[in-house]
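S.K.: Submitted below is the structure of interest, expressed as structure tokens.
No lab work stands behind these numbers, since they all come straight from the coordinates. In this text the structure is predicted, and so the values were computed from the model without any measurement. Cβ sites come from the backbone with ideal geometry, for glycine too, and all protein chains shown count toward neighbours.
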Amino acid sequence: MDIEERLDLICRKPAEEIVTRNELRSLLETKEHPVAYQGFEPSGKAHLGTGVEAALKTKDLMDAGIKFKLFLAEWHAWINNKMGGDLEAIRKVGEYFQKVWLSLGVPETVEFVWSSEFVDDSDYWGRIIRVLKESTVARITRCLTIMGRKEAELQEAAQYLYPAMQVSDIYQMELDIACSGMDQRKAHMLARDVGPKLGLPKPVAVHYHLLAGLQGPIKMGGFDDDETIDQEISSKMAKSHPETCIFAHDSEKELKEKIRKAYCPAGEVEGNPIMEIVDHILFRGREREFTIERPSKFGGDVTYWQYEELKKDFAENNLHPQDLKNKVSAELNSLIAPCRKYFEDHPEYLEVFREQTVTR
RNA sequence: CCCGGCGUAGUUCAAUCUGGCAGAACGGCGGACUGUAGAUCCGCAUGUUGGUGGUUCAAAUCCGCCCGCCGGGACCA
């Protein structure tokens, strides 16, 4: 695989923003196996974003020859009051997440890293203090939205530690690339701003699209100054709203019912969660066969090879939402089937969710 | 430890002062309209009023105690 092919693989959808593509190219040119990571707060069940998209993107980078670390940020989850702040439960959810990703195709050679592995390292905390000393309170405050909380929920002083910890994580693991959803970009920008001041390299950032919840667009505001990004974060699929969130191991029945109820206005592509799934999960910018079965009275079966063709037909009302939904249900069903199967065979990993109430 | 505020439907809150059938909005569910969903229209259900004891014909409401959350203060050799 040459550099351009590797570059395309890394930048492939659902990737949405690369900071910067040129830096990524020169990284690939100068380093045989750059190191990347993606961090998560273990909390709640994995869904199409935290499970499927994360696994797809991890696999892309690994296929492109990147050494990949999946980081399970137990302490961050604790600060963010996930799983009731119970580190024991958080750890169990982390083990569950490992199985989700592996079942969805992440190669076994991935490295799992836990934040508890280096929280007793003074270098780690020393770097946090150095990051904080290079940052103003205002700057850190603006980063707090990476925790996915609204202003009213940002009341605890411990939360101010969070962005600096995330920056310190990047250097602790000696990463070249920080990969995450668009909602984490402020942490990576902080690392890119502060790192050089501390004599540390700027990480390349790979940010992927946040899938909308099945309810469609929500205008909440307050997550980003950029209106498009703000809407993307506001509307994202969230485990706290299970009826508009497809979990990585939903039953076929649950999956179909959720898709059936999903917001999907005919002819409207923007803010359409079903179209987002087609674009970012099913096509992902590549050519493939995508055959939609239709009764002959509605035009009979139709095959698309590119998302752009499908998008054009949908926008011109030549493709009805109902027919598209049927296809998306079937595709997603087979995509998540291995994950569902894994937890059918290993139900013990789901026990942690039995007693716990869902936390955001 | 002290002072104050608060605790009511899934959620945000009203009703508390002045005791008299516990309500609204949003959300949810069902139906109509759509070859999906949403929107719209029609209809339905929201509940141990934090717990407990008391006063009263009658308590979400008044009184006692307890629990929890929030804010402030005190303590800090």
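S.K.: If each residue of separation counts as 0.36 nm, what is the full-extension length gain between residue A:291 and residue A:155 once their alpha-carbon separation is subtracted? Write out the running numbers ahead of the final one.
M.R.: Values: separation 136, 0.36 × 136 = 48.96 nm, distance 5.05 nm.
Extra length available between residue A:291 and residue A:155 comes to 43.9 nm.
S.K.: Pairs of lysines 8 or more apart, or on different chains, with alpha carbons under 13 Å: count those in the range A:1-157, would you?
M.R.: Qualifying lysine pairs in the range A:1-157: 11.
S.K.: Can you give the relative contact order of chain A as a percent, counting alpha carbon pairs under 8 Å and 6+ residues apart? List each step's numbers first, then the result.
M.R.: Working: 565 pairs, mean separation 71.0, N = 360.
The normalised contact order for chain A reaches 20 percent.
S.K.: Say the dipole of chain A comes from +1 at the beta carbon of Lys and Arg and -1 at that of Asp and Glu; which of A:349, A:3, A:136 then lies farthest toward its positive end?
M.R.: A:136
S.K.: Another one. Note the count of lysine pairs whose C-alpha atoms are less than 24 angstrom apart in the range A:240-355, limited to pairs 8 or more residues apart or on different chains.
M.R.: Step by step, the pairs that qualify in the range A:240-355 add up to 28.
S.K.: While we're looking at this one, here's another question. Could you put A:296, A:26, A:103 in order, starting from the residue whose Cβ has the fewest other Cβ atoms within 10 Å?
M.R.: Values: A:296 7, A:26 12, A:103 23.
The fewest-first ordering by Cβ neighbours comes to A:296, A:26, A:103.
S.K.: Expressed as a whole number of Å, what is the distance separating the alpha-carbon centroids of the range A:38-55 and the range A:59-97?
M.R.: 8 Å
S.K.: Quick one: compute the contact order of the range A:1-80, relative version, from alpha carbon pairs under 8 angstrom and 6+ residues apart, as a percent. Don't jump to the answer; show the numbers that get you there.
M.R.: Working: 68 pairs, mean separation 33.0, N = 80.
The normalised contact order for the range A:1-80 reaches 41 percent.
S.K.: Could you order peptides A:60-71, A:330-341 by the average number of other Cβ atoms within 10 Å of their residues, highest first?
M.R.: Details: A:60-71: 21.2, A:330-341: 16.9.
My ranking of the peptides, most packed first, is A:60-71, A:330-341.
S.K.: For chain A, set up a Gaussian network in which alpha carbons nearer than 10 Å are linked by springs, and say which option among A:213, A:271, A:105 fluctuates the most.
M.R.: A:105
S.K.: FRET efficiency for residue A:133 and residue A:108, Cβ-Cβ distance as r, R0 = 35 Å, nearest 0.05? Can you show the working numbers first?
M.R.: Numbers: r = 41 Å, r/R0 = 1.16.
Efficiency for this residue pair is about 0.30.
S.K.: While we're looking at this one, here's another question. With axes computed from alpha carbons, what is the tilt in degrees of helix A:162-172 against the longest principal axis of chain A, rounded to the nearest 10 within 0 to 90?
M.R.: That works out to roughly 80 degrees.
S.K.: Hey, got a sec? Which chymotrypsin sites (Phe, Trp or Tyr not before Pro) in the range A:218-278 land in a DSSP loop and have at most 11 other Cβ atoms within 10 Å? Please list the in-between numbers first.
M.R.: Working: sites: A:223, A:247, A:263; in loops: A:223, A:263.
For chymotrypsin sites (Phe, Trp or Tyr not before Pro) across the range A:218-278 that sit outside H, G, I, E and B with at most 11 neighbouring Cβ atoms in 10 Å, the list is empty.
S.K.: Let me ask another. By DSSP, what percent of the beta bridges with both residues in chain A are antiparallel, rounded to the nearest 5? Could the numbers behind the result be given before it?
M.R.: Details: 9 of 27 bridges.
Antiparallel bridges make up about 35 percent of those DSSP assigns within chain A.
S.K.: Still on this model: Filter the trypsin sites (Lys or Arg not before Pro) in the range A:1-62 to those in DSSP coil with at most 14 other Cβ atoms within 10 Å of their Cβ, and list the result. Write down the numbers at each step before the final one.
M.R.: Values: sites: A:6, A:12, A:21, A:25, A:31, A:45, A:57, A:59; in loops: A:12, A:31, A:45.
Counting only loop positions with at most 14 other Cβ atoms within 10 Å, the trypsin sites (Lys or Arg not before Pro) in the range A:1-62 are A:31.
S.K.: Could you tell me the distance between the Cα centroids of the range A:169-211 and the range A:286-360, to the nearest Å?
M.R.: 32 Å
S.K.: Same structure, new question: Where nothing but the Cβ of Lys and Arg (+1) and of Asp and Glu (-1) is charged, how large is the charge dipole of the range A:148-219 around its Cα centre, in debye to the nearest 20? Walk me through the intermediate numbers first.
M.R.: On the way: 8 positive and 8 negative charges, 55 e Å.
My answer is approximately 260 debye.
S.K.: Further question: Given an 8 Å cut-off on Cα distances and at least 6 residues of separation, report the relative contact order of the range A:25-180 as a percent. Could you put the intermediate results ahead of the total?
M.R.: Working: 187 pairs, mean separation 47.7, N = 156.
After rounding, I find 31 percent.
S.K.: Place +1 on the Cβ of every Lys and Arg and -1 on the Cβ of every Asp and Glu in chain A, take the dipole about the Cα centre, and give the residue among A:273, A:55, A:203 whose Cα lies farthest towards its positive end.
M.R.: Most positive-ward Cα: A:273.
S.K.: If you don't mind, there's one more thing I want to ask. Just to be sure I understand the model, the point goes 7 Å from the Cα along the line to the Cβ. What's the resulting residue A:117 to residue A:22 distance in nm?
M.R.: According to this spin-label approximation, the distance is 3.5 nm.
S.K.: Follow-up question, since we're still on this one. For chain A, find the longest principal axis of its Cα atoms and tell me its angle to the long axis of helix A:21-30, 0 to 90°, nearest 10.
M.R.: Computed tilt is about 70 degrees.
S.K.: Still on this structure, please answer the following. Which loop GluC sites (Glu not before Pro) in the range A:1-62, with loop taken from DSSP, have no more than 13 other Cβ atoms within 10 angstrom of their Cβ? Let's see the in-between values first.
M.R.: On the way: sites: A:4, A:5, A:16, A:17, A:23, A:29, A:32, A:53; in loops: A:32.
Qualifying residues, ordered by number: A:32.
S.K.: Rg to Rh for chain A: what is it, with Cα atoms only and Rh by Kirkwood? Could the numbers behind the result be given before it?
M.R.: On the way: Rg = 20.4 Å, Rh = 21.2 Å.
Dividing the radius of gyration by the Kirkwood radius yields 0.96.
S.K.: Let me ask something additional. At 7 Å along the Cα-to-beta-carbon direction for both residue A:309 and residue A:331, put a label point, then send me their distance in nm to one decimal.
M.R.: Taking the two extended label points, one gets 1.3 nm.
S.K.: List A:197, A:311, A:92 from most exposed to least, where exposure is judged by having the fewest other Cβ atoms within 10 Å.
M.R.: The order, fewest Cβ neighbours first, is A:197, A:311, A:92.
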